[in-house]
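See structure below.
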Amino acid sequence: MVPLPSQREAHSGPGGASPHFHRFHGALPPSFNSYWGGCYYWNGSYYYWDGDYYSTDRQRFGRYQRRFPVDSESEVASNRAVFFFPPVPPPLGTPPPPGSPETGRNEAPAELSPFINDPFYAPLGTRLQARDLSKKQLQQLDLLRQKKTELREELRSEIQWTKDSPAAIRLSDLEKLSRKQTPSIRQLETEAEQLRADLLYHGLVGMFWGSGDWNEGRPWMLGQGGLNRPRRETLAYEFKVVRAAIFYQEGLSPAQRRLLREVAMELQVEAFRPTATTLSDESLLAFQPETARIRLSPALRPELATKLAAFKKQKDALKSELRGALYRLDVATSSQRTKALREFATVQAPQLESLDVLAEELRGLLRPEDLLGRSASEPQPKEVGEAENEYHDAVLLPGLSPEQRRLLYDDAMEKLSLPLPAGESVSW
């Protein structure tokens with residue numbers, strides 16, 4: 001049974017780690033808001049923004065020293081819109097995080113839950129909180145969810161129907177359904193991308209009251225002024241810029257937006273982790289669909305280990321290039337940045353597509369003994385078990401298209417009932 005937050009173990013980090021953290025040196029832009037929202041998973045624990053952590057092994061809450069103090073008054077006092085960003089998905093086989101202790105402010109609208117992986121999550125959260133969605137936009141959301149549900153049900157039925165078939169026949173049947181479903185899923189993803197742009201404020205409303213873009217009015221730029229210092233000292237700012245770009249930056253392809261989610265997850269750890277923890281968790285692999293992570297055995301066959309290393313190298317290179325582009329272009333004008341990123345999206349497109357090809361090859365090599373995760377004998381709620389089965393199929397079942405995998409993965413995240421991070425106000 002998970003202890004309540006009032007039963008936290010105080011003054012220590014997970015596994016007895018030292019609670020000391022990296023700190024900034026020197027003056028930083030006075031508008032810096034230290035709140036980063038939600039929680040992230042690292043080395044067996046979930047870390048929450050307010051100083052709590054939850055150990056999945058010990059099933060207990062504890063306290064760690066926050067890297068930055070939180071000025072809650074400046075956050076609440078902001079007259080700008082409230083921004084909501086999605087929760088971080090747990091690795092496959094890892095228990096989902098318990099809800100964080102109450103923050104007392106800006107609770108995320110429950111209507112965001114079905115759209116955790118959609119590119120419009122953040123702008124939708126702002127509109128839901130302000131209660132100003134148009135009738136047309138509500139209808140678009142309902143229709144999008146309805147179509148996704150129909151496609152998922154068809155896919156789940158085929159997966160269930162073929163589960164006892166010989167492997168070759170099952171693969172053939174799933175590939176046949178893939179050819180049928182993939183164009184429809186692609187169309188839904190195109191509609192979701194359009195909805196992302198439509199949920200910002202336009203026309204006179206946008207002119208006088210703001211578009212709802214997180215970047216609007218931001219007075220600081222990466223690498224400039226008070227942030228003209230080694231990047232390791234400004235990681236928290238870079239994290240915020242990358243996280244916002246997923247939802248607000250024009251010029252990015254949908255595949256780049258998905259990859260940026262992983263970049264943001266990794267930056268979050270790099271920026272806020274306790275100094276006593278290692279920066280890399282070698283057993284975790286960021287796989288496909290994007291943000292899905294699997295835990296690998298340390299004893300892998302040479303052929304598999306070689307292909308996994310090649311996949312990781314290519315994916316890490318793409319993430320590094322994309323992160324670097326956003327950093328360098330933060331000083332550019334909006335139109336210059338959009339133009340440069342649109343050109344860069346064309347450059348990265350073939351390599352991003354090849355990641356899915358490499359991932360499919362790896363699925364044909366991976367065996368159950370190659371994966372680590374929670375023991376199947378551990379009791380878990382029925383809905384969590386169903387979610388993990390869908391998570392598993394989305395990531396590892398051969399024969400599905402990348403679009404079908406994302407469709408299943410979205411549903412798995414919703415079924416996990418991940419706590420939605422509270423909204424954040426900016427103080428510029």
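Backbone geometry of the stretch 356-367 corresponds, through the Karplus equation with coefficients 6.51, -1.76 and 1.60 at θ = phi - 60°, to 3J(HN,Hα) couplings of 5, 5, 4, 5, 5, 4, 5, 4, x, 9, 5, 10 Hz, x marking Gly and Pro. In order along the stretch 91-98, the phi-based Karplus estimate (6.51 cos²θ - 1.76 cosθ + 1.60, θ = phi - 60°) of 3J(HN,Hα) comes to x, 4, x, 9, x, x, x, x Hz; Gly and Pro are listed as x. My understanding is that a pair violates if its Cα-Cα distance is over 29 Å; which of LYS148/LYS307; LYS313/LYS415; LYS147/LYS240; LYS163/LYS313; LYS147/LYS176; LYS136/LYS415 do that in this structure? With Cα atoms farther than 29 Å apart: LYS148/LYS307; LYS313/LYS415; LYS147/LYS240; LYS163/LYS313.
Could you please state, rounded to a whole Å, how far the C-alpha centre of the stretch 111-130 is from the C-alpha centre of the stretch 229-244? Using only Cα atoms to place each centre, the spacing works out to 24 Å.
Shown for MET221, MET413: other C-beta atoms within 10 Å of each C-beta, ranked fewest to most, produce the order MET221, MET413. Annotation: amide H-H contacts under 5 Å for LEU372 (H modelled 1.01 Å from N, sequence separation of 5 or more, or interchain): ARG295, LEU296, SER297. Backbone amide hydrogens, once placed in the peptide plane, bring GLY212 within less than 5 Å of TYR201, excluding anything fewer than 5 places away on its chain.
Converting phi to 3J(HN,Hα) with the Karplus coefficients 6.51, -1.76 and 1.60 and the offset θ = phi - 60°, the stretch 153-166 yields 4, 4, 5, 4, 4, 5, 5, 5, 5, 9, 4, 9, 6, x Hz in sequence order, with x at every glycine or proline.
As a rough footprinting exposure proxy, the listed residues ASP330, ASP356 were ranked by other beta carbons within 10 Å of their own, and the order from fewest upward is ASP356, ASP330. Computed from the C-beta positions of LYS136 and ARG218 and an R0 of 30 Å, the FRET efficiency is 0.50 to the nearest 0.05. Extension gain, ASP173-GLN351: 0.36 nm per intervening residue step, less the Cα-Cα distance, totals 61.3 nm. Round to the nearest 0.05 the FRET efficiency obtained for ALA110 and ALA340 when R0 = 41 Å and r is the Cβ-Cβ distance. The formula returns an efficiency of 0.60 here. Spin-label model, GLU369 to LEU304: label points 7 Å out along the Cα-to-beta-carbon direction sit 0.9 nm apart. The residues neighbouring LEU308, those whose beta-carbon lies less than 11 Å from its own, together hold a net charge of +2 under the Lys/Arg +1, Asp/Glu -1 convention. A cut-off of 5 Å between modelled amide H atoms, ignoring neighbours fewer than 5 places along the same chain, links PHE287 with ALA292, ARG293, ILE294. Sorting TRP42, TRP161, TRP220 from the fewest to the most surrounding beta carbons within 10 angstrom yields TRP161, TRP220, TRP42.
Here, each number is a calculation from the coordinates, and none is a lab measurement. Everything numeric in this text was worked out from a predicted model, so none of it was measured. Cβ: placed from backbone, ideal geometry, glycine included. Neighbour counts: every protein chain shown.
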